[in-house]
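Just so it is clear, none of the values below were taken in a lab; they were calculated from the coordinates. All figures in this text were calculated on a predicted structure; none of them were measured in a lab. Cβ atoms come from the backbone with ideal geometry, glycine included; neighbour counts cover every protein chain shown.
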Amino acid sequence: MLVRRLEFLTGKTIVRMSRNEVRIIGGLWKGRKLKVPAGAAVRPSLGRVRETLFNWLAGEVVGSDCLDLFAGSGALGFEALSRGARSVVLVDNNRNTAAVLRKNAQRLGAANCTVRRQSALAFLKLAAGARSATGTRNRGGLASSGTDTGAPAGESRMTAPRADDGVGEAVLRWDIVFLDPPFSSNLLPAALEAIQGGNALNPGARIYFELERRSAFDAHGFTILKEGAAGDTRFGLLASP
């Protein structure tokens, strides 16, 4: 089947990318393709935006526990894993999208990736409840039936990619959170509020956000460390107060 291709010109190099694929741009899986669900309302972060983001995060990704809360293509979460993140939780409420995320994780051999098929706010609420119920501190997670890293008690464990509702084996507190909700939604401020009130972050954590360029933005008490813009997208990096 013919697939329309987009061309991105970078210096003298032309990179051709299918509209239903996105490439990992750095790290262990550099150049590997991620499938994007056909017909889904998925808007992968632009390659140049991801490049800027991970330049900002240089030195902070390796060994981090990450949450890709509106995962879509999973480009941000898989990019983090490729660059040395310890674990990533991918959350998306679309059944087909979650299934494709799981397949991408399996194709890459990403055993330290957990996929959750549910709404972002529901996941944050359940994670907050699980933290409270288990008395989890810092990098604590629930027991895993997947691949165990051998980490000491109270630290996070790697989990096999799964696609079901709830919290399950997901790490419960994060070092890096990616927030790229649909531009037409009002989910960004709601997610920031839930993260702030739910004790969801490890000390020194970072939050990446994307929104429509012309939209107003309330950081909800977080400190804006970096900001940029590309096309119709405004993006930035936040730190805990």
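Pairs to check: K103/K226; K103/K125; K30/K103. Give those whose C-alpha atoms are more than 28 Å from each other in this structure. Check vs 28 Å cut-off fails for K103/K226.
Net charge around R107, counting only other residues with Cβ within less than 13 Å of its Cβ (Lys, Arg = +1; Asp, Glu = -1)?
+4
Approximating the spin labels as points 7 Å out from Cα along Cα→Cβ, the R107-to-S184 distance works out to 2.7 nm. Distant-in-sequence amide contacts of L67, defined by a placed amide H-H separation under 5 Å and a gap of 5 or more residues or a different chain, comprise V89, I176, V177, F178.
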